[in-house]
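The values are calculated or read from the model by the stated rules, or taken from the named source; none is laboratory data. No experiment lies behind these values; they were computed from the predicted model shown. Neighbour counts run over all protein chains shown; Cβ positions are idealised from the backbone, glycine included. Calculation scope for accessible area: heavy atoms of the full protein, side chains included, ligands and nucleic acids excluded. Shrake-Rupley method; radii C 1.70, N 1.55, O 1.52, S 1.80 Å.
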Amino acid sequence: MIKKILIANRGEIALRVLRACRELGIKTVAIHSEADESAMHVRMADESICVGPASAQSSYLNIPAIITAATLTNADGIHPGYGFLSENQRFAEIIEEHNIKFIGPHSSHIKIMGNKIDAKKVMDENKVPTVPGLNDVTDNKKIEQFIDNIGLPVIVKAASGGGGKGMRVVFKSDEIENAINSAKAEAKKSFNDDKVYLEKFLTTPKHIEIQILADAHGNVVTLGERDCSIQRKHQKLIEESPSELLTDKKRKEISDLCKKAVSAIGYEGVGTLEFLYENENFYFMEMNTRLQVEHPVTEMVTGIDLVKQQILAASGEKLTMTQEDISMKGHSIECRINAEHPESFIPSPGKITQYHQPGGLGVRVDSAVYQGYSVPPHYDSMIGKLITYADNRKECIARMNRALEEYVIMGINTNIQLHQKIIMSDEFQSGNYDINFMSTFN
Ligand code: ADP
């Protein structure tokens, strides 16, 4: 069993991992930048170590400094959280080379799934339905043929893409060349890889993803779905489980396919297969080989602690549950609380002068902020997640509305009121919304 884990992250996810470690009796090491000296994850960890100046590049992405910190503190495991180095194959490899356990899948799986073209190939081979696409965008004839076959619109996507970057939707065939060139330039800048591909652009899909959990002994379970269709600029804002539109039959069909594919490649740890869902058809887009921001909604409806399971799997333990032991009960919703201007969405860092977080039955707040804390300008603007749970969706929405009303964060701008407006809208309440929800919402 792993004895001491260095958490290579900050904010709410660093706390989330730290809490799981505490419950498992594992010691923790926090890393932090110079800007995060007084952050909650630093205060709560058993040990902490500064890995560099404020910029993420010099600290939370600084592999030599993080490995040195792990060596100095004798950590035998590293948990990457999400974002930062969580899907960096080289980071996982270096950790493996240092005989430290990377709490995540094998680096080879990060590599395959890190390239969306390769990931789709793997899924194709394993009978998981994928979005129709064209991988070679250098041949104009092939592009013409592809568009003739599937029709417009199409979307240009970056093979190494993430965070909604490097995507361009094309509605007219004479726009394709420009779209490819500008997606390439953005992909090169963001991911240092200008490989792009084409996909059929689905106009009214839901974003539905399947959570899987696998051990090192070939056992895999699926933990239902999350509906993450409420997005802004292809970035998730609200997630829920289960999805209002999915029948038990559909859920089982897609879950079984995911399980087979994940088993076939010998994947270990937690992972998520992301799909678009339109006219009762699933289309695989990509697999995330890490813990997701929205994992709590799955934890609430299944009662399974995904971070503990992830650590146990990385320690070589066998899963203690089978698929038959897993059931989804009740309903859960998560709202991502961002420090940002409610209309312009411009980040709003600064000092939190008053803070009161909601509580009561079925309310969970995953956040690392506190009264007097200054939200630094250097990192992502998400400062917490508000999660509610109830017997059914209607009660869960009412509880979320109540919890949002209770949430007081003064001194900075947040999107709390926007969340209230969204969840109280007729369209959200119907459950029958798609990924275009935010573009028409006002
Ligand atoms: P990233 O890794 O950058 O988050 P994804 O491939 O996960 O990119 O896609 C993010 C979002 O972009 C999806 O949830 C969806 O809203 C939109 N999107 C991506 N591909 C398509 C497509 N083929 N058709 C319609 N929307 C898409």
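So the values come out like this:
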| quantity | calculated |
| --- | --- |
| Partners for LYS250 among lysines (Cα-Cα distance below 25 Å; same-chain residues under 8 apart left out) | LYS116, LYS120, LYS121, LYS127, LYS200, LYS206, LYS236, LYS259, LYS260, LYS329, LYS394 |
| Accessible surface of segment 87-158 [probe 1.4 Å, protein heavy atoms]: carbon and sulfur percent | 45 |
| The chain, relative contact order in percent, only Cα pairs under 8 angstrom and at least six apart counted | 14 |
| Accessible surface of segment 171-224, 1.4 Å probe, proportion on carbon and sulfur as whole % | 47 |
| GluC sites (Glu not before Pro) restricted to DSSP loop in segment 330-359 with at most 12 other C-beta within 10 Å | GLU343 |
| Rounded to whole Å, sorted largest first: equivalent-ellipsoid semi-axes of the chain, Cα gyration tensor | 31, 27, 24 |
| Surface accessible to a 1.4 Å probe, per residue, for the residues of the chain, Å² | 42 |
| Top positive-direction residue, dipole computed over the chain with Cβ charges, set SER59, ILE13, LEU223 | SER59 |
| Cα-based convex hull volume of segment 4-88 per residue, rounded to whole Å³ | 78 |
| Within segment 118-149, backbone nitrogen closer than 19 Å to the virtual label 7 Å beyond the Cα of SER108 toward Cβ | 118-126 |
| DSSP-defined beta bridges in the chain - what % are antiparallel, rounded to 5 | 80 |
| Under the Debye formula (equal points on every Cα, no solvent term), log10 I(q)/I(0) of segment 132-200 at q = 0.29 Å⁻¹ | -1.35 |
| Value of [θ]222 nm, deg cm²/dmol, for the chain, DSSP H segments ≥ 4, -39500 (n - 2.57) each, nearest 500 | -10000 deg cm²/dmol |
| Sequence-separation-based contact order of segment 198-330, relative, with Cα cut under 8 Å and 6+ spacing, percent | 30 |
| Positive-pole candidate from SER425, VAL408, TYR277, dipole of the chain, charges at beta carbon | VAL408 |
| Unit charges on C-beta of K, R, D, E only; dipole of segment 4-88, Debye | 180 |
| Base-10 log of normalised Debye intensity for segment 206-440 (one unit scatterer per alpha-carbon) at q = 0.09, 0.17 Å⁻¹ | -0.39, -1.26 |
| Nearest-20 debye value, segment 199-324 charge dipole, Cβ charges on Lys, Arg, Asp, Glu | 180 |
| Rg and Dmax of segment 225-290, Cα atoms only, in Å | 12.5, 34 |
| Distance from segment 64-141 to segment 240-310 (C-alpha centre basis), Å | 18 |
| In segment 286-363, the trypsin sites (Lys or Arg not before Pro) that fall in loop regions by DSSP, at most 12 other Cβ within 10 Å | LYS318, LYS329 |
| Kyte-Doolittle mean at least 0.0, axial Cα span of 18 Å or more - DSSP H helices of the chain | 11-24 |
| Separation in nanometres of the label points that stand 7 Å from Cα toward Cβ, at ARG22 and ILE117 | 4.7 |
| Sites matching GluC sites (Glu not before Pro) across segment 170-265 that sit in DSSP coil, with at most 16 neighbouring C-beta atoms within 10 Å | GLU244 |
